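Here is the structure we will look at.
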Amino acid sequence: MYPQVKTPKKVTEKWLNRAFAPLTDYLDREYPEEAPKMMVYMTFLRNADQRFHYRNSRTKGSIFLDQSGELISCDADALQYEFERHAVVTVQRPPRAERFIHPNVTRWMTQRLSSEQERIYGEEVCIFLQEYWGPMVNFDFEDLKVGYPKRGRSVPYCLYLYPAAFPTLIAMQFVGDEIVEKRCNYAQYRRFEDRERDLMREGWHVITLIREILSEDPDQFRLYLSKAVQLAWLRDPVFELTEAGRRAAMKD
């Protein structure tokens, strides 16, 4: 029997592993070759009434497993992973003043962004927190920091956000128009590239964000974001050494 999985206040790697364990084990057992491709599109919905409910993010088909991991039902398209290319879906949003914005989003932006950052990046940050990051963390932004993750370094025409207490090394990079449209000078652009590479060399997964990315094919971006969070390097990996491992290490 798998343990009961409840909705957490914060998403952690441990919680993700528990939530997806029944489905991962089932797919590895029944579809060992296709399982990794299938998992890319699967989302966890809930564990209630002794049932695990997962949904395909593209087809919306559902698969239900009981608490022991045995199959209850599976829609015909629940495990589909091959799709034809489709036209890009573009989101048309009304002005921010006319949209519902979660109070925690408004509060965080008011407290953490300067007036200049709000003027330049406010719309993109608001969309990202309201529609993408917020639902993943239950709109808890207490650990979300503003600034380049490495101290003492500045980045031209770019705003960085990163969750300081998150289990994986994730940084959101909001790129200014000067970079996108190449209106900065060469030295500034090189510094932007160098700072991005510095983070990636140290294991950070850098998510680049511009208005077009946030407004085109939102389902695909949500899928990408959820997988990026899962696959990024652990912030503080803990290595357990077995007794046999200790003996082997001492011989070396």
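For the reader, a short list of remarks on this structure follows.
- Counting only residues that are assigned to a helix (DSSP H, G or I) and either free of Cβ contacts under 8 Å to residues at least 24 places away in the same chain or of a type in the set (Asp, Glu) (or both), region 123-142 holds 4 of them.
- Residue count for region 60-119 satisfying the condition of being surrounded by 13 or more Cβ atoms within 10 Å (Cβ to Cβ), among the charged types (D, E, K, R) and within 30 Å of Ala21 (Cα to Cα): 2.
- Scanning region 197-212 for residues that are of a type outside the set (Lys, Arg), surrounded by fewer than 19 Cβ atoms within 10 Å (Cβ to Cβ) and under 19 Å from the mean Cα position of the chain (by Cα) yields Met200, Glu202, Gly203, His205, Thr208, Ile210, Glu212.
- Candidate set from region 133-143 (those that are of a type in the set (Phe, Trp, Tyr) and surrounded by 19 or more Cβ atoms within 10 Å (Cβ to Cβ)); member that is farthest from Lys9 (Cα to Cα): Trp133
- Residue satisfying condition, being of a type outside the set (A, V, I, L, M, F, W, C) and either assigned to a strand (DSSP E or B) or in contact with a helix residue (DSSP H, G or I) (Cβ under 8 Å, 6 or more places away or on another chain) (or both), within set Arg183, Arg190, Arg151: Arg183
- Against the list (1) touching a residue at least 24 places away in the same chain (Cβ under 8 Å); (2) more than 26 Å from Trp133 (Cβ to Cβ); (3) within 25 Å of the chain's Cα centre (by Cα), the condition Pro3 fails is (1).
Rule-based calculations on the coordinates, nothing more; no lab input. Not measured: the values here are computed from a predicted model. Backbone-built Cβ (ideal geometry, glycine too); neighbour counts: all protein chains shown.
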